[in-house]
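Below: the structure, in structure tokens.
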Amino acid sequence: MNAPRPQMPGMLPPAPLAAEAAQPLDLIFIEGFIGHTVIGIHHDELHDTQPLRIDLYAGVPRPRACDSDDIGDTINYAEVRERLHRLMAEHKVRLLEAFAEDIADIMLGEFRAHWVRVVVVKPRKFPDLEGVGVAIERRREIKAVEAAAGPAAVLSVIGHGMVPGKA
């Protein structure tokens, strides 16, 4: 029997939030994306680009791609990669928290993920640290999920004993 493989900080597979636990999610991920951008609050960070490492996990209900074998039926990580490069060039934020939030908004909005975990790291920001950063988790609002999936999403929620709009 194989012993469990130790996992590095920042590389832990995420666990979807409790609301998603009732609905199985497939995770599409990008680990170790490296890009360069101007970000920070200190004077020395506001003029030259610096590297950022991004680990991104996006949860989607069992995508049709499992059956269709068609990339159009899931999140295309090549497109996500290109979108991350574009964000690195265009963003106007100074904090990693705001930058991670922008990534989460892109994944939830543009790529229709239901749940996302974003880890953004400044590698070697200080000589005695491997990296500093932020990790956030976000999920789509139930109304956004319903609008995207239509009546099937409502039936799924009702089937789990949760009626939208009822306390």
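The values are calculated or read from the model by the stated rules, or taken from the named source; none is laboratory data. Computed from a predicted structure; not experimentally measured. Reconstructed Cβ throughout: ideal geometry from the backbone, glycine too, with neighbour counts over all protein chains shown. Note: areas computed on protein heavy atoms with side chains; ligands, DNA, RNA excluded. Shrake-Rupley method; radii C 1.70, N 1.55, O 1.52, S 1.80 Å.
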Quick one: in segment 48-64, of everything that is open to solvent by 10 Å² or more (accessible area, probe 1.4 Å) and either touching a Pro at 6+ places or on another chain (Cβ under 7 Å) or modelled with pLDDT of 85 or more (or both), which residue is nearest to GLY133 (Cα to Cα)?
ARG53
Taking segment 109-141 on its own, how many of its residues are closer than 24 Å to ARG62 by Cβ, out of contact with any Asp or Glu (no Cβ under 9 Å at 6 or more places or on another chain) and open to solvent by less than 70 Å² (accessible area, probe 1.4 Å)?
4
Residue list for segment 87-105, filter: open to solvent by 50 Å² or more (accessible area, probe 1.4 Å), part of a helix (DSSP H, G or I) and under 13 Å from VAL38 (Cα atoms)
ALA89, GLU90
Being in contact with a helix residue (DSSP H, G or I) (Cβ under 8 Å, 6 or more places away or on another chain) and part of a loop (DSSP other than H, G, I, E, B) is the filter here, so list the residues in segment 111-129 that pass it.
PHE111, ARG112, ALA113, HIS114
Do we have LEU108 as closer than 25 Å to GLU141 by Cα, in a helix (DSSP H, G or I) and either of a type outside the set (Val, Ile, Thr) or in contact (Cβ under 8 Å) with a residue 12 or more places away in the chain (or both) here?
yes
